[in-house]
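K.L.:
Sharing a structure, written as structure tokens. Questions coming.
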Amino acid sequence: MNLQKAYSALLVADLDASEDWYARLMARGPDNRPMDTLVQWELFDHVGLAISTSTEIADSGAVFLIVQDVGAERRRLAGLEIELSADIPGDYSVLAQVRDPDGNLITLASPPDPEYPAA
């Protein structure tokens, strides 16, 4: 497989309302609108996040986002009326979670320490 890019896609009921919610979460608007039912954020060169109202494109799910500082993101998001859970200690990092308006689970995590074990 000559993989070029991967998207995580989450199902949403109202694309406009969800686009607004995710724009606040991501601190910026989306990068692409390839279809009437699909909005995409380019996160890195080979990774993106998509939301869609089409069950042929997405289903409910979960996304893990590694951020520099979970506490700083908690403060930023609280100012935008997005409330993260209390810190959840993990084996490799501190986690905090929130569900989007459609119930998809978004987990923010600090960078792993120690590094994840090799597969």
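K.L.:
Could you tell me which numbered condition Ala119 fails, if it satisfies all but one of (1) at positive phi; (2) aliphatic (A, V, I, L, M); (3) at pLDDT below 95?
P.N.:
Failed condition: (1).
K.L.:
Being in contact (Cβ under 8 Å) with a residue 40 or more places away in the chain and either aliphatic (A, V, I, L, M) or not in a strand (DSSP E or B) (or both) is the filter here, so list the residues in the stretch 99-119 that pass it.
P.N.:
Asp100, Pro101, Asp102, Gly103, Asn104, Leu105, Ile106, Leu108, Ala109, Ser110, Pro111, Pro112
K.L.:
Confirm whether Leu77 is part of a loop (DSSP other than H, G, I, E, B), at pLDDT 95 or above and of a type in the set (A, V, I, L, M).
P.N.:
Judged against the criteria, Leu77 is not a match.
K.L.:
Applying the selection to the stretch 1-28, what residues are farther than 24 Å from Gly79 by Cα and part of a loop (DSSP other than H, G, I, E, B)?
P.N.:
Met1, Asn2, Leu3, Gln4, Lys5, Ala13
K.L.:
I'm checking my understanding of the structure. Among residues of the stretch 95-116 that are hydroxyl-bearing (Ser, Thr, Tyr) and modelled with pLDDT under 95, which one is nearest to Ile51 (Cα to Cα)?
P.N.:
Ser110
K.L.:
Pull up the stretch 81-94, narrow it to residues that are modelled with pLDDT of 95 or more and under 24 Å from Phe44 (Cα atoms), then point me to the one that is surrounded by the fewest Cβ atoms within 10 Å (Cβ to Cβ).
P.N.:
Only one residue fits best here, namely Ile82.
K.L.:
Within the set of pairs 6+ apart or on separate chains, which have a first residue in the stretch 29-58 that is assigned to a strand (DSSP E or B), a second that is acidic (Asp, Glu), and C-beta atoms under 8 Å apart?
P.N.:
Every condition considered, the pairs that remain are Asn32/Glu42; Val39/Glu19; Gln40/Asp31; Trp41/Asp31; Glu42/Asp31; Gly48/Asp31; Gly48/Glu42; Ile51/Glu19.
K.L.:
Do we find that Ile88 is in contact (Cβ under 8 Å) with a residue 40 or more places away in the chain, of a type in the set (Val, Ile, Thr) and within 16 Å of Thr107 (Cα to Cα) in this structure? Show your work before the answer.
P.N.:
On the way: in contact (Cβ under 8 Å) with a residue 40 or more places away in the chain: no; of a type in the set (Val, Ile, Thr): yes; within 16 Å of Thr107 (Cα to Cα): yes.
Taking the combined requirement at face value, the residue does not satisfy it.
K.L.:
Name the residue that is modelled with the lowest pLDDT, counting only residues in the stretch 51-60 that are surrounded by 13 or more Cβ atoms within 10 Å (Cβ to Cβ) and within 15 Å of the chain's Cα centre (by Cα).
P.N.:
Ser60
K.L.:
Separate question: Considering the stretch 13-25 alone, what residues qualify as being touching a residue at least 24 places away in the same chain (Cβ under 8 Å) and under 13 Å from the mean Cα position of the chain (by Cα)?
P.N.:
Ser18, Glu19, Trp21, Tyr22, Arg24, Leu25
K.L.:
Going through the stretch 32-50 one residue at a time, which ones are more than 19 Å from Leu77 (Cα to Cα) and either of a type in the set (Gly, Ala, Ser) or surrounded by 12 or more Cβ atoms within 10 Å (Cβ to Cβ) (or both)?
P.N.:
Scanning the stretch 32-50 gives Asn32, Arg33, Met35, Thr37, Leu38, Val39, Gln40, Glu42, Val47, Gly48, Ala50.
The values are calculated or read from the model by the stated rules, or taken from the named source; none is laboratory data. All values reported here derive from a predicted model rather than from experimental measurement. Counting neighbours? That spans all protein chains shown, and the Cβs are built from the backbone with ideal geometry, glycine included.
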